[in-house]
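Participant: Structure incoming, see below.
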Amino acid sequence: MRTATLTAIVFVAMSYATTAQKLTLLPQAGIENSRTTVQYNGLSSFLPAGEVLSPYLGVRIDYTFKQGHGLFAGIATSHSVVSYNFSDLETGMKVYNASPGDMKLRFEGGYQFSTKRIYFNKSGSASNSAKSQPQTSTVRKGCGGSLKYYCGRSSDKAMNHTKTKNKGWYMSVQPSLGLALSPSSESVISSAEGTQTNYSYKAGNWSTAVTAGTGIEFGKNKQRMFTIGINYLKGIGNLDTRTITATVGNKITTATLKSAVSSWNITAGIPITLTKSKTAFKQKAAAEKSNQFHWKCGQYRSGCNRMIKQ
């Protein structure tokens, strides 16, 4: 059920991505701290390998609606598995050998919200170039007067429409919530060495997990520069109790093992916008309209000069 839910989330996210108005690719790198505990025969849990600090690499794609919320899907590394090895079921809690397991991949998908941009310089102002050019409200009859009104006011208005505000650096908070899916293998492996049997238990070998986190995006004016993120993961699937039974002589010995895993990471990434915003198209249209005004003004001036010569 959990696997089907995550698959549906990833499918919906990728479906929206194909027709997105604001699509962002975010490569990430950082460090991850994993905490994997083992419970042996129902006794208190303990950390067989301590807390494991490892590199983190990931990439995700975000689709954002106009309101600031949207969906995300991605892939990242995970290093939460701990190999717990022992040979005697009766003393396995005290006599063991533990080491971090191999790195594996996890697939993520979920929901993300982005707040409005918070500018550090609240007194950012627009360009004052429009104020430096005097404009007249008097309309004279004839070619000269009409030309002055048309070229002096209308073209200046079109040019001023393309001016953008320079507000400086900003930040935007991006909380998220989702599910993670990771391929898992057999949790308990036994091997014989002479008359002795060795057991290897893969603690923290989760298949599904819950993720939550917060990203802080920094940028300048309207340019997105980089993102700092802090994320938390809690394994919820494939962590049930595993039972091992062995017969030594005429005695049957049983050991039960259960694990729990959680991790957090801190990452840094550079957002790459894959779709152009509508604002860019509007600015381009305004610039083209301004060029048309200048061309018409020059044409009218040429016509007025010919009329004056006659």
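Read-outs: derived from the displayed coordinates by stated rules, not from any lab. Keep in mind that this is a model prediction, so the values were computed, not measured. Because the Cβ atoms are built from the backbone with ideal geometry, glycine has one as well, and the counts that use them run over all protein chains shown.
Participant: Would you work out which of F72, Y40, F113 lies farthest towards the positive end of the dipole of segment 23-124, given +1 charges on the beta-carbon of Lys and Arg and -1 on that of Asp and Glu, about the Cα centre?
Facilitator: F113
Participant: Still on this structure, please answer the following. In nm, what is the difference between 0.36 nm times the number of residues separating F107 and Q196 and their Cα-Cα distance?
Facilitator: Full extension from F107 to Q196 adds 28.1 nm.
Participant: Taking the Cβ-Cβ separation of A29 and W169 as r and a Förster radius of 22 Å, what is the calculated FRET efficiency to the nearest 0.05?
Facilitator: With R0 = 22 Å, the Cβ-Cβ based efficiency is 0.45.
Participant: Something else about it: Please turn the phi angles of segment 190-202 into ³J(HN,Hα) values with the Karplus equation 6.51 cos²θ - 1.76 cosθ + 1.60 (θ = phi - 60°), one per residue in order, whole Hz, x for glycine and proline.
Facilitator: 10, 9, 9, 9, x, 8, 10, 9, 9, 10, 10, 10, 8
Participant: Taking 7 Å along the Cα-to-C-beta vector as the label spot, tell me the T253-I189 distance in nanometres, rounded to one decimal.
Facilitator: So the two model labels end up 2.2 nm from each other.
Participant: While we're looking at this one, here's another question. Using 0.36 nm per residue of separation minus the Cα-Cα distance, give me the extension gain between I266 and T115 in nm, one decimal.
Facilitator: Net length gain for the segment: 52.3 nm.
Participant: Given 0.36 nm per residue, what is the gain on full extension from I75 to T275 after removing their alpha carbon distance, in nm?
Facilitator: Here the answer is 69.9 nm.
Participant: Roughly how many nanometres apart are two label points built 7 Å out from the Cα toward the Cβ at S44 and I230?
Facilitator: In this crude spin-label approximation the distance works out to 2.9 nm.
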